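Notes for the one structure printed next.
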Amino acid sequence: MGGYVFDFDQSFGSTTPAFATGIKRLSITPKGVKFLADCGVLPVITRKEIIDKSKIDELGKFVTVLQVSWMLMQVFLRLVLHLPISLLEVTVLGHVFCACVLTALWWHKPRKIEEPTILKGDWARPLATLMLMVSQLDSPESWMTPGFRMNKAQLAEIASLEVSLCSVDGSFQMKEREIEHSSVSTLCSAGLNRVTPVDALQADGRESHAGENEHTYRSALTRTRQRLACEALQEYAAARKLLRRPVSPRNQKYANALESYPEMPERCRRCRRSDLEQALSYDDLPWYECRTERLVTLEANDWPHDGLLRTTGGLTMGTTLWAASVVFSAIHIAAWNSSFPSDIEAWLWRASALYVGFSGLLWAFLHVIADSSARVWWMWYDIMVGDASRLVVYPLVVLCSVCGASYVLARGYLIIEGYIELRSLLVGTFNTPQWTVAIPHVS
């Protein structure tokens, strides 16, 4: 797992008032790590310490490189000597290429770090509280994209509050949003009767206080969170970057999309930028709203999610991966005229190899189209966050399901056929170049 966490038994101390119950650990997402680094509180961990924690098997990597090199040399030599290559060797060669791509992408990634780094310090409580309130812990995930939250602002506790700056002492204050915002108010109990998203996670804590008035207990926790969050905003300039002038409902979608996808193509920005800049320049309301970000989670997640940093353009990485799929297909297409046991198997192999390549080209093309067409990009964004019409979503789901199942079947057949062909190999397949027999090796 690794990473950074706030541990409620070790990070904050036991003498201070609780700001949340029923939560044992908060795992910090990559966005949260960057947020803490911007605040200047992230502990300094050297490269040597990271390498020391990483459990990379250097001997295993060395043996793997030797095996891959031997495989490539053997295939190359067989081609030079015009010896037949079995379909199983072609399949292995394709998967070796995919493994090389993944190894290159993960070359500097630490491996098998089990225990996370627990963050401690006087700064931990205010910032952990703000990060907890900003994060959408209990919001439903998009059924189209598991791991990504439905981008609805009201699902984070902070989104229901307004943040104001006191003109007397310059301190930050929070209160429940009202219909009219005519004056700056201090902390009040206007919104304490409702159950906040953080409260919903605290059933265990409230059960331990069954003898107390539940409303009073919940109100105290909510006030504590608001006070600590204001302290974080007061202390750290990076935390204040989460604040923004209120955005009108008309521009809320664009603002959320820009925050979630900072690599948004320029064409998509241009059509709405002036509206958003106008909305952010309003000075008639003496309060701010706080952006929602997935800075912490209840448990670490190795799958893609909306707490990851999106510094690498989706177009670049997506196109790279699908281009690798095209190369994988080309390796199998190169065996077009191999000696197959039957004509049916030959055409199934060719069709499968072509379909894998077609899928890679299609999705790479869609990535390029999405980058060049604002309409396509926004349509895909609506699908990602669950705002698209069912007339668009359902046919797309059916199409993607059929294409995805066909892709799995095509890849599976290419593997299976490599073994099926072993029943009827050409005699020349068993011939081995003499120099490889003389060289000691592990196969």
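The values are calculated or read from the model by the stated rules, or taken from the named source; none is laboratory data. Just so it is clear, the structure is predicted and the values come from calculations on it, not from any experiment. Glycine also receives a Cβ, built like all others from the backbone with ideal geometry; neighbour counts cover every protein chain displayed.
Values as computed for the structure displayed
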| read-out | value |
| --- | --- |
| Within segment 332-354, considering residues that are part of a helix (DSSP H, G or I), in contact (Cβ under 8 Å) with a residue 12 or more places away in the chain and surrounded by fewer than 19 Cβ atoms within 10 Å (Cβ to Cβ), the one nearest to the chain's Cα centre (by Cα) | 354 |
| Subset of segment 398-438 (residues that are assigned to a helix (DSSP H, G or I) and either among the polar types (S, T, N, Q) or within 22 Å of residue 80 (Cβ to Cβ) (or both)) | 401, 406, 424, 427, 428, 429, 430, 434, 435, 436, 437, 438 |
| Inter-residue pairs, beta-carbon under 9 Å, first over 21 Å from residue 226 (Cα atoms) and part of a loop (DSSP other than H, G, I, E, B) and in segment 277-305, second at pLDDT 65 or above and of a type in the set (Gly, Ala, Ser), 6+ apart | 282/248; 299/27; 300/2; 300/3; 300/27; 301/27; 301/307 |
| So residue 25, is it closer than 30 Å to residue 261 by Cβ and among the basic types (Lys, Arg) | yes |
| Residue match in segment 29-46 (condition: among the basic types (Lys, Arg) and either out of contact with any Leu (no Cβ under 9 Å at 6 or more places or on another chain) or farther than 22 Å from residue 308 by Cα (or both)) | no |
| Test for residue 346: is it of a type outside the set (S, T, N, Q) and over 30 Å from residue 85 (Cα atoms) | no |
| Residues of segment 101-120 satisfying the condition of being exposed (fewer than 14 other Cβ atoms within 10 Å of the Cβ) and touching a residue at least 40 places away in the same chain (Cβ under 8 Å) | 111, 112, 114, 115 |
| Members of segment 76-95 that are assigned to a helix (DSSP H, G or I) and under 42 Å from the mean Cα position of the chain (by Cα) | 76, 87, 88, 89, 90, 91, 92, 93, 94, 95 |
| Test: residue in segment 48-66 that is surrounded by 11 or more Cβ atoms within 10 Å (Cβ to Cβ) and either farther than 18 Å from residue 109 by Cα or modelled with pLDDT of 85 or more (or both) | yes |
| Selected residue (only one of 348, 308 is within 27 Å of residue 98 (Cα to Cα) and in contact with a Pro (Cβ under 7 Å, 6 or more places away or on another chain)) | 308 |
| Subset of segment 365-384 [hydroxyl-bearing (Ser, Thr, Tyr) and within 18 Å of the chain's Cα centre (by Cα)] | 381 |
